[in-house]
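Q: Before I ask anything, here is the structure I am working with.
The values are calculated or read from the model by the stated rules, or taken from the named source; none is laboratory data. From a predicted model like this one, the values you see are computed outputs, not experimental measurements. Every residue, glycine as well, gets a Cβ built from its backbone with ideal geometry; the counts of neighbours run over all protein chains shown. Ligands, DNA and RNA are excluded from the accessible area calculation, which covers all protein heavy atoms including side chains. Shrake-Rupley method; radii C 1.70, N 1.55, O 1.52, S 1.80 Å.
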Amino acid sequence: MAESRRGLGGAERALFMLALVPYLLDRGEVSLDEIAEHFDVSRDLVLRTVELLPVTGIPGDANAYLDNDLFEIDYEALDEGMVVLTRNIVIDETPRFSAREAAALIAGLQYLSALPENADSSSLTALAAKLARGTTDRPGEVGVAPRAPDAALGVIRAAVAAGTRITFDYLNARGVAESRLVDPLRLESNDEDWYLRAWCSTREGVRTFRLDRMGDVRATRAPIEHRLADVTLPDTLFQASPDDLEVVIELPETAMTLLTDYNPHSTTPSSTPGRVMTTVRLAHLHGLKRLVAGLGGLATVLEPADARRAVADWAAAGVARYAED
């Protein structure tokens, strides 16, 4: 809003005041010059608008605009060129997050702050502070500590930032150890597991590596040959290969979204109402056990027989361990 627009009438001034009040509440204490620069108006316009605040408010129960129904400012601070609201009206009566709701959102922001791509993000810190201020009561102190990945994470993060290649020993899904040389592209997390998306020189293509299967991670000085802008990363972490197992499982139709990363085939209605059958591709039977365990009893493995038997034996072994305790 430029100073030359002051002659447009009271509506323009009212809009400026409506924008000014939440700005003052958010900043707490701010100079006239800072306000003028932020809104691109003159210092004189800011001062005259601020001076209107003590006669601005809501009618109140008496419909008389009494003192408690009006905004108030710190006049001593204003003489020093600073603006401080000491009483605010209406905004305190707008719907706000409860302390519990704010605490839950702040916990989520703390988790996001722990992700490599959000490291040192000032915007997340500022948003958490705003949530803490904009609640009906002070939210409780929240601390979210996701499982700390190993030291490889720091090496990989530095390599991604520097655009240099890394080498490491990798134990693949079939338990075979290999040495890999890759161009690191992106770090991602899925629940408590961390993954590296990279161009693998050994496989000559994009591959996904789990950090807990990586060992002896070392940075090189060689620049990467494939950059994120030059390759297409799959939408999901897990990609099928010609050697994968095809396993038919049955589960509630509403739980199909839990299989998104496994690219399930089309579904077929089951004989049990509300349940469907689908085929998923997995690299090995161990991955099938992880999948079934993550579905919390919702899924039933139908075929092939060796997959069904492997899951049954795994579940029986788990029950036996409880019996031993």
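Q: Just the residues that are at pLDDT 80 or above, under 22 Å from S189 (Cα atoms) and open to solvent by 50 Å² or more (accessible area, probe 1.4 Å), please, taken from region 220-240.
A: R227, L228, A229
Q: Then there's this: Name the single residue, out of those in region 202-219 being outside any strand (DSSP E or B) and touching an Asp or Glu at 6+ places or on another chain (Cβ under 8 Å), that is most open to solvent (accessible area, probe 1.4 Å).
A: The selected residue is D212.
Q: In region 87-117, which residue that is modelled with pLDDT under 60 and touching a helix residue (DSSP H, G or I) at 6+ places or on another chain (Cβ under 7 Å) is least open to solvent (accessible area, probe 1.4 Å)?
A: Top of the filtered list is P116.
Q: Condition first: out of contact with any helix residue (DSSP H, G or I) (no Cβ under 7 Å at 6 or more places or on another chain) and open to solvent by 100 Å² or more (accessible area, probe 1.4 Å). Now tell me which residues in region 297-318 satisfy that.
A: E303, R308, R309
Q: Can you pull out the residues in region 243-271 that are hydroxyl-bearing (S, T, Y) and modelled with pLDDT of 85 or more?
A: Residues satisfying the conditions are T254, T267, T268, S270, S271.
Q: If you don't mind, another one. Just the residues that are at pLDDT 90 or above and open to solvent by 50 Å² or more (accessible area, probe 1.4 Å), please, taken from region 163-201.
A: Scanning region 163-201 gives D169, S179, L181, W199.
Q: Only residues in region 199-223 that are within 16 Å of A158 (Cβ to Cβ) count as the first member; pair them with residues that are open to solvent by less than 40 Å² (accessible area, probe 1.4 Å) and not in a strand (DSSP E or B), Cβ under 8 angstrom, at least 6 apart or cross-chain, and list the lot.
A: L211/A152; L211/L153; L211/I156; M214/A152; V217/A152; V217/I156; A219/A159; P223/G163
Q: Hey, another quick one. Just to check your reading of the model, which residue among V55, V84 is touching a Leu at 6+ places or on another chain (Cβ under 9 Å) and at pLDDT below 85?
A: Numbers: V84 fails: at pLDDT below 85.
Among V55, V84, only V55 is touching a Leu at 6+ places or on another chain (Cβ under 9 Å) and at pLDDT below 85.
Q: Let me ask something additional. Scan region 168-194 and report the pairs whose first residue is closer than 20 Å to G154 by Cα and whose second residue is open to solvent by 40 Å² or more (accessible area, probe 1.4 Å) and modelled with pLDDT under 75, with Cβ atoms within less than 6 Å and a gap of 6+ or a chain change.
A: Sorted first by the residue in region 168-194, then by its partner, the pairs are E192/R147; W194/P149.
Q: Against the definition (farther than 19 Å from L18 by Cα, open to solvent by 50 Å² or more (accessible area, probe 1.4 Å) and at pLDDT below 70), how does A132 come out, yes or no?
A: Working: farther than 19 Å from L18 by Cα: yes; open to solvent by 50 Å² or more (accessible area, probe 1.4 Å): no; at pLDDT below 70: yes.
No, not satisfied.
Q: Scan region 284-296 for residues that are open to solvent by less than 60 Å² (accessible area, probe 1.4 Å) and closer than 15 Å to P264 by Cβ and jot them down.
A: The answer is G287, L288, L291, V292, L295.
Q: H265 - would you say it is assigned to a helix (DSSP H, G or I), open to solvent by 60 Å² or more (accessible area, probe 1.4 Å) and under 26 Å from R210 (Cα atoms)? If you could, list the steps in order and put the result at the bottom.
A: On the way: assigned to a helix (DSSP H, G or I): no; open to solvent by 60 Å² or more (accessible area, probe 1.4 Å): yes; under 26 Å from R210 (Cα atoms): yes.
No; evaluated as a whole, the condition is false for this residue.
Q: Test of understanding: among G318, G274, which residue is more than 25 Å from D193 (Cα to Cα) and more than 31 Å from the chain's Cα centre (by Cα)?
A: Result of the check over G318, G274: G274.
Q: Would you tally the residues in region 28-48 being touching a strand residue (DSSP E or B) at 6+ places or on another chain (Cβ under 9 Å), open to solvent by 70 Å² or more (accessible area, probe 1.4 Å) and not in a helix (DSSP H, G or I)?
A: Of the residues in region 28-48, 1 are touching a strand residue (DSSP E or B) at 6+ places or on another chain (Cβ under 9 Å), open to solvent by 70 Å² or more (accessible area, probe 1.4 Å) and not in a helix (DSSP H, G or I).
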